[in-house]
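First up is the structure itself, then whatever we jot down about it.
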Amino acid sequence: MTAPHYLPEGLPIPVPENDGLSRPYWEGTRRGELWIQKCKDCGTWQWGPEWICHSCRSFEIEWLQVEGKGRIFSWERVWHPVHPALKEHGPYIVVLVELPAAGNVRMIGNLLGDPRQEVPIGAAVEAVFESHDDTDPPYTLVQWRRVDDS
Amino acid sequence: MNGRTLRGKVAVAGIGETTYYKHGQAPDPEFKLALMAILRAAEDAGIDPREIDGFASYSNDRNDPSRLAAALGIRELRFANMQWGGGGGGGAAAVGNAAAAVATGMADCVVVFRALAQGQFARFGQGPRARTIDGDMAFQAPYGLMSPGQRYAMKVMRFMHDHGVRQEALRAIAMASYHHAQANPRAVMNGRPLTEADYDASRWIVEPFHLFDCCMENDGAAALILVPAERAKDLPHKPSYLLSAVTGSDYRCAAPSHNAPNYASASFASVAPHLYEMAQLGPGDVDVLQSYENFTGGVLMSLVEHGFFPPEEANDFLKPENLYAPGGRLPLNTSGGNLAECYMHGLELQLEAVRQIRGDSTAQVPDVDVSMVIAGPMVTPVSSCIFGSEATL
């Protein structure tokens with residue numbers, strides 16, 4: 001599903017590096033899909049992307065689509081703006097989410113909903129794709145929202 | 001241990017600093033501030049500045065050693081070293097690099113310095129202004145995760161969660177810096193005491209950091225001069241011998257997108273054991289500690305990883321009375337540190353560690369033989385060092 005934008009417009013637009021390392025991830029998010037790296041040789045999941053497997057040093061890394069389900073590993077609530085786009089906006093919540101189905105790699109996002117909500121470490125969350133279609137270039141962020149823990 | 005060590009081979013002969021200013025308020029340009037601090041350190045050491053033959057710094061200090069050498073009329077430059085890494089994590093490493101040059105005969109008189117004029121240049125605590133962003137920051141900045149405080153808050157949040165550490169423990173660290181700054185006329189926050197109620201009422205910057213958990217940003221410069229141990233004995237001040245200096249980080253500490261396996265960490269887990277091994281000392285031998293406060297939570301984890309207490313005892317150990325000079329269990333940040341003396345990227349902590357050995361701190365701990373400095377936590381590669389009096393040799 002898609003969502004309205006959690007933070008105001010005007011923050012830096014994420015783009016792949018000029019060597020293209022993270023391009024499959026950013027192209028995947030535009031389709032509403034979560035793609036991360038896995039080593040073809042030893043099966044180690046890896047995030048963020050790198051050209052080599054950190055576990056066995058193989059260059060045979062593939063991209064796999066994973067389910068957007070995770071648990072909150074840590075979080076912070078930001079009150080003080082450090083970017084002009086965030087002036088007069090706040091607080092907001094940043095979460096670090098680990099994906100148990102992908103070797104517990106961690107991804108960063110915002111936690112949707114009340115920015116003053118309590119944030120239990122360990123709580124279940126699911127990915128929400130936040131499309132920014134009117135920027136140049138357009139992009140999609142992966143956000144997170146709490147779901148029933150059962 | 002093998003025979004390769006820095007222990008006791010090099011000493012600090014002189015220290016110097018400029019007036020410390022609020023950021024953007026220095027009346028002088030950054031390069032002039034660096035020159036002033038270096039000259040004061042040379043004067044303090046009783047050394048002709050033309051004898052300086054090396055420079056070491058960190059965090060991409062902008063003041064080029066060749067320009068410094070030309071400006072100062074230095075006869076011969078033999079060592080010029082920059083510690084990799086973009087923050088205060090390199091402060092003790094710069095001392096170690098300079099000491100390694102002196103100990104091995106690459107140079108005889110090396111200055112370690114840091115200068116900052118943030119009115120002239122950009123501030124640290126601001127997010128990127130570029131229209132687009134790539135690399136690891138592309139996974140962070142679009143979510144409003146941009147400043148150092150925002151980058152490190154989630155490490156501290158997880159550490160506090162894992163070990164039941166309360167906000168009062170962070171508060172005690174802030175209280176210690178402000179308490180000591182009230183006795184220090186150099187301190188930017190001298191005359192600005194902090195109460196526990198002030199701390200509790202202060203605004204959040206990013207939870208779990210209140211305003212007073214975060215370092216200042218300042219202008220100024222600081223420098224110290226390292227010479228061979230045998231030469232230091234003939235100079236005016238009581239020498240502070242370097243007993244150990246180490247730098248580094250543990251396994252995949254910089255894994256992208258906050259994927260460090262040992263996440264809730266100041267990054268000293270693998271570094272601290274080497275520190276004590278070279279010094280041939282343990283945490284129980286430390287008389288006074290300067291521990292870099294970019295954020296109080298970094299000090300909390302630094303102290304745990306340097307073995308001062310297990311994480312489960314943080315709430316009991318981190319009480320103001322335990323951290324105050326002269327009589328606390330572990331007098332901490334006795335000049336006021338980055339929170340309340342000056343954010344000179346932690347080099348002011350090195351100067352204070354030397355003052356404690358000399359016996360002329362404004363918050364002096366009695367009979368200091370072992371004086372330790374932990375540089376910027378979480379800012380990898382991190383570093384720490386230990387100075388000792390002659391009695392420790």
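The values are calculated or read from the model by the stated rules, or taken from the named source; none is laboratory data. Please read all numbers here as calculations on a predicted model, not as lab measurements. Heads up, the Cβs are rebuilt from the backbone with ideal geometry, glycines too, and the neighbour counts pull from every protein chain shown.
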key: Subset of the stretch B:261-297 that is within 14 Å of chain A (Cβ to nearest Cβ) and in contact with a Ser or Thr (Cβ under 8 Å, 6 or more places away or on another chain) - its residue that is nearest to B:VAL365 (Cα to Cα)   = B:ALA264
request  = Taking B:ARG67 as meeting all but one of (1) surrounded by fewer than 23 Cβ atoms within 10 Å (Cβ to Cβ); (2) within 25 Å of B:VAL246 (Cβ to Cβ); (3) touching a Phe, Trp or Tyr at 6+ places or on another chain (Cβ under 8 Å), write down the number of the exception.
outcome  = (2)
remark   = From the option list B:ARG78, B:ARG151, single residue qualifying as of a type in the set (Lys, Arg), over 30 Å from A:GLU50 (Cβ atoms) and modelled with pLDDT of 95 or more is B:ARG78
note = Within the stretch A:34-55, the count of residues that are in contact with an Asp or Glu (Cβ under 9 Å, 6 or more places away or on another chain) and touching a residue at least 60 places away in the same chain (Cβ under 8 Å) comes to 2
ask   = Taking the stretch A:76-127 on its own, how many of its residues are in a loop (DSSP other than H, G, I, E, B) and facing chain B (nearest Cβ under 7 Å)?
value = 5
key: Test for B:THR195: is it over 20 Å from the mean Cα position of the chain (by Cα), within 14 Å of chain A (Cβ to nearest Cβ), modelled with pLDDT of 95 or more and surrounded by fewer than 17 Cβ atoms within 10 Å (Cβ to Cβ)   = no
Exclusive hit being part of a loop (DSSP other than H, G, I, E, B), surrounded by fewer than 24 Cβ atoms within 10 Å (Cβ to Cβ) and not polar (S, T, N, Q), set B:ARG252, B:ARG231 = B:ARG252
remark   = Checked against (1) over 23 Å from the mean Cα position of the chain (by Cα); (2) crowded, with 21+ Cβ neighbours inside 10 Å, B:ALA41 satisfies every condition except (1)
Condition broken by A:VAL82, with the remaining ones in (1) touching a helix residue (DSSP H, G or I) at 6+ places or on another chain (Cβ under 8 Å); (2) closer than 22 Å to B:ARG252 by Cα; (3) not aromatic (Phe, Trp, Tyr) satisfied = (2)
ask   = Within the stretch B:277-327, restricting attention to residues that are among the aromatic types (Phe, Trp, Tyr) and touching a helix residue (DSSP H, G or I) at 6+ places or on another chain (Cβ under 7 Å), which residue is surrounded by the most Cβ atoms within 10 Å (Cβ to Cβ)?
value = B:TYR292
task = Find the helices (runs of 4 or more DSSP H) located wholly in the stretch B:294-357 whose residues include 1 or more that are hydroxyl-bearing (Ser, Thr, Tyr), and list them.
result = B:296-305
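Quickly run through the stretch B:175-210 and pick out the residues that are within 25 Å of B:ASP360 (Cβ to Cβ) and hydrophobic (A, V, I, L, M, F, W, C).
Of everything in the stretch B:175-210, those that are within 25 Å of B:ASP360 (Cβ to Cβ) and hydrophobic (A, V, I, L, M, F, W, C) turn out to be B:MET175, B:ALA176, B:ALA181, B:ALA183, B:ALA187, B:VAL188, B:MET189, B:LEU194.
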ask   = All but one of (1) small (Gly, Ala, Ser); (2) surrounded by fewer than 20 Cβ atoms within 10 Å (Cβ to Cβ); (3) closer than 17 Å to B:GLN350 by Cα hold for B:SER240; which doesn't?
value = (2)
task = Taking the options B:GLY96, B:GLY125, B:GLY91, B:GLY119, name whichever one is touching a residue at least 24 places away in the same chain (Cβ under 8 Å), over 30 Å from A:GLY20 (Cβ atoms), away from every other protein chain (no Cβ under 14 Å) and in contact with a helix residue (DSSP H, G or I) (Cβ under 7 Å, 6 or more places away or on another chain).
result = B:GLY91
ask   = Which one of these is within 14 Å of chain A (Cβ to nearest Cβ) and under 20 Å from the mean Cα position of the chain (by Cα): B:GLU207, B:GLU217?
value = B:GLU217
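This table checks each residue for (1) part of a loop (DSSP other than H, G, I, E, B); (2) farther than 21 Å from B:LEU303 by Cα; (3) without any contact (Cβ under 8 Å) to a residue 12 or more places away in the chain; (4) touching a Cys at 6+ places or on another chain (Cβ under 8 Å).
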{"position": "B:ARG158", "(1), (2), (3), (4)": "no, no, no, no"}
{"position": "B:ASP162", "(1), (2), (3), (4)": "no, no, no, no"}
{"position": "B:LEU170", "(1), (2), (3), (4)": "no, no, no, no"}
{"position": "B:ILE173", "(1), (2), (3), (4)": "no, no, no, no"}
{"position": "B:SER177", "(1), (2), (3), (4)": "no, no, no, no"}
{"position": "B:ALA183", "(1), (2), (3), (4)": "yes, yes, no, no"}
{"position": "B:ARG186", "(1), (2), (3), (4)": "yes, yes, no, yes"}
{"position": "B:ARG192", "(1), (2), (3), (4)": "yes, yes, no, no"}
{"position": "B:TYR199", "(1), (2), (3), (4)": "no, yes, no, no"}
